[in-house]
Amino acid sequence: MNKRSRLIYEFGPYRLDTAECRLLRDGQDIALRPKLFTLLVVLVQHSGQMLDKDQLLEAVWPDAEVEDSNLTVSVNALRKTLGDEGYIETVARRGYRFAVEVNVVVGETPALAYKSPAPPPPSGPEPPGGALPLHSNLYITRATDGEFHAAIARRDSIVLVKGARQVGKTSLLARGLQRAREAGAAVVLTDFQHFTVDAFASAEKLLLTLAELIADKLELDVLPHQTWNSFISPSSNFERYLRREVLAKLATPLVWGLDEVDRIFNYSYASEIFGLVRSWHNLRALEPAGPWPRLTLALAYATEAHLFISDLNQSPFNVGTRLVLEDFTIEQIAELNRRYGSPLDEPEVERYFNLVGGHPYLAQRGLYEMTERKLDLAAVEAQSDRDEGLFGDHLRRLLLSLERDAGLCAAVSKVLAEGGGLTTSDFYRLRSAGVLTGDSAQDARLRCQLYASFLRKRLL
């Protein structure tokens, strides 16, 4: 049988085999969660070098926006697993270094077996941050889930999922797209968070980028730049490519998920892009024999679209199926607590709900820390609004985002001091950012008690 060489890293009693995704200590397998294994590989491969936090976050969580605390928790978990904090050295306020000598040896593996193996079984829950894996038992189903899946199954033209930051839109979108795959549809996911500024340089640049990514995902033979015609508009080029080379060539329906759509709103050509999307909805009625009934778009966003799109006839945000993803209810917090092994007793669930207000990320973070660090609720409450507390990374980022906009900072201060008095525009912007909750500017309030306590100390 043909053999293929691979690198194996040895340090102390440990042997790290990246090809087999195995960590052994004195020949015995050590189970690591996939993210912890990836983090260890990155550190070991750069032994002796200081890696800053941003480098590590990008390497371990390339497709998710996570807090610095995820990295801290993961490093501490690795130290606990290795049983010696001397392996991983902290470089104050900068990053980490794998501080022991690593020997690299060349091993062999059968060529036929040289495949990406299944990751080791998880030894505990993943630290919160980013979309939850499809198999995660920590995913809490809400009423919107059923409505979203039904809309995808019906092949609705446009399915809109609106919700504040970190409410779980991407996790919901991922599950809806997986259901579509299982039903036999072709699926494309576009996450605008991953686009560079260059991709937004013009409407043509953005549409051509989108078309190229669709062609790559679906492995199409004819590429967009081969058919792009400078004598017609970018919108017409994109629609023609979608009709002739995508929908006409696919034997199945196409479900196209678009995440972080808000990034387009601030560009002058936003109405042109969204007007094009709206036109495909209209073409279902205008061209019933055309390919458009086989196209479903699922858009996830946070910002109030009407603040940026003045012509309602050019907006896809007032047609199709419109869904709102809300924060957790107290019953859902109780269920999440149960899935974490019930670190809270029944009376404490209500206290915890009052603290985090049903905020999905904060709820996950607190329960994770209580479970992993064996903390009780009183300890969590005592440090909850401190800069260096359990939620410190998240809260500091929240404050920084407000301080970048003096107007919004003043608006939050006004809510804290007076309990209201916001303009409609400020209310919608702050609600979209996940800072405020409420149905209107008149009943605006901080999203949770934790936010109110933290921001009151720093803004008033």
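Note on the stretch 231-247: among residues that are in contact with a helix residue (DSSP H, G or I) (Cβ under 9 Å, 6 or more places away or on another chain) and assigned to a loop (DSSP other than H, G, I, E, B), the one that is surrounded by the most Cβ atoms within 10 Å (Cβ to Cβ) is SER233. For the stretch 248-288, what are the residues that are without any contact (Cβ under 8 Å) to a residue 12 or more places away in the chain, farther than 26 Å from THR196 by Cβ and not in a helix (DSSP H, G or I)? Within the stretch 248-288, ALA251, GLU287, PRO288 meet the criteria. The set of residues in the stretch 289-304 being under 20 Å from LEU250 (Cβ atoms) and not in a helix (DSSP H, G or I) consists of ALA289, GLY290, PRO291, LEU295, THR296, LEU297, ALA298. Taking the stretch 305-416 as the region of interest, the helices (runs of 4 or more DSSP H) fully inside it that hold 1 or more residues being among the basic types (Lys, Arg) are 330-339, 346-356, 360-373, 392-403.
Do we have any residue at all in the stretch 191-207 that's more than 17 Å from ARG263 (Cα to Cα), surrounded by 13 or more Cβ atoms within 10 Å (Cβ to Cβ) and not hydrophobic (A, V, I, L, M, F, W, C)? There is no residue in the stretch 191-207 that is more than 17 Å from ARG263 (Cα to Cα), surrounded by 13 or more Cβ atoms within 10 Å (Cβ to Cβ) and not hydrophobic (A, V, I, L, M, F, W, C). If you go through the stretch 376-415 and keep only what is of a type in the set (Val, Ile, Thr) and more than 20 Å from PRO360 (Cβ to Cβ), you end up with VAL412, VAL415. For the stretch 440-450, the criterion of being assigned to a helix (DSSP H, G or I), buried (at least 21 other Cβ atoms within 10 Å of the Cβ) and in contact (Cβ under 8 Å) with a residue 40 or more places away in the chain is satisfied by at least one residue.
Of the numbered criteria (1) surrounded by fewer than 19 Cβ atoms within 10 Å (Cβ to Cβ); (2) of a type in the set (Lys, Arg); (3) touching a Leu at 6+ places or on another chain (Cβ under 7 Å), the one ARG429 fails is (1).
Taking the stretch 310-322 as the range and being within 14 Å of ILE158 (Cβ to Cβ) and surrounded by fewer than 21 Cβ atoms within 10 Å (Cβ to Cβ) as the test, the residues that pass are GLN314, SER315, ASN318, VAL319, GLY320, THR321, ARG322. All conditions but one from (1) in contact with a helix residue (DSSP H, G or I) (Cβ under 9 Å, 6 or more places away or on another chain); (2) closer than 21 Å to VAL277 by Cα; (3) modelled with pLDDT under 95 apply to ASP198; the one that does not is (2). Considering only residues in the stretch 1-52 that are of a type in the set (S, T, N, Q) and either under 28 Å from LEU132 (Cα atoms) or not in a loop (DSSP other than H, G, I, E, B) (or both), the one that is modelled with the lowest pLDDT turns out to be SER5.
Of the residues ALA150, ALA164, the single one that is among the hydrophobic types (A, V, I, L, M, F, W, C), more than 12 Å from the chain's Cα centre (by Cα) and part of a loop (DSSP other than H, G, I, E, B) is ALA164.
The values are calculated or read from the model by the stated rules, or taken from the named source; none is laboratory data. Being a predicted model, the structure only gives us computed values, none of them experimental. As a convention, Cβ positions derive from the backbone with ideal geometry for all residues, glycine included, and neighbour counts pool all protein chains shown.
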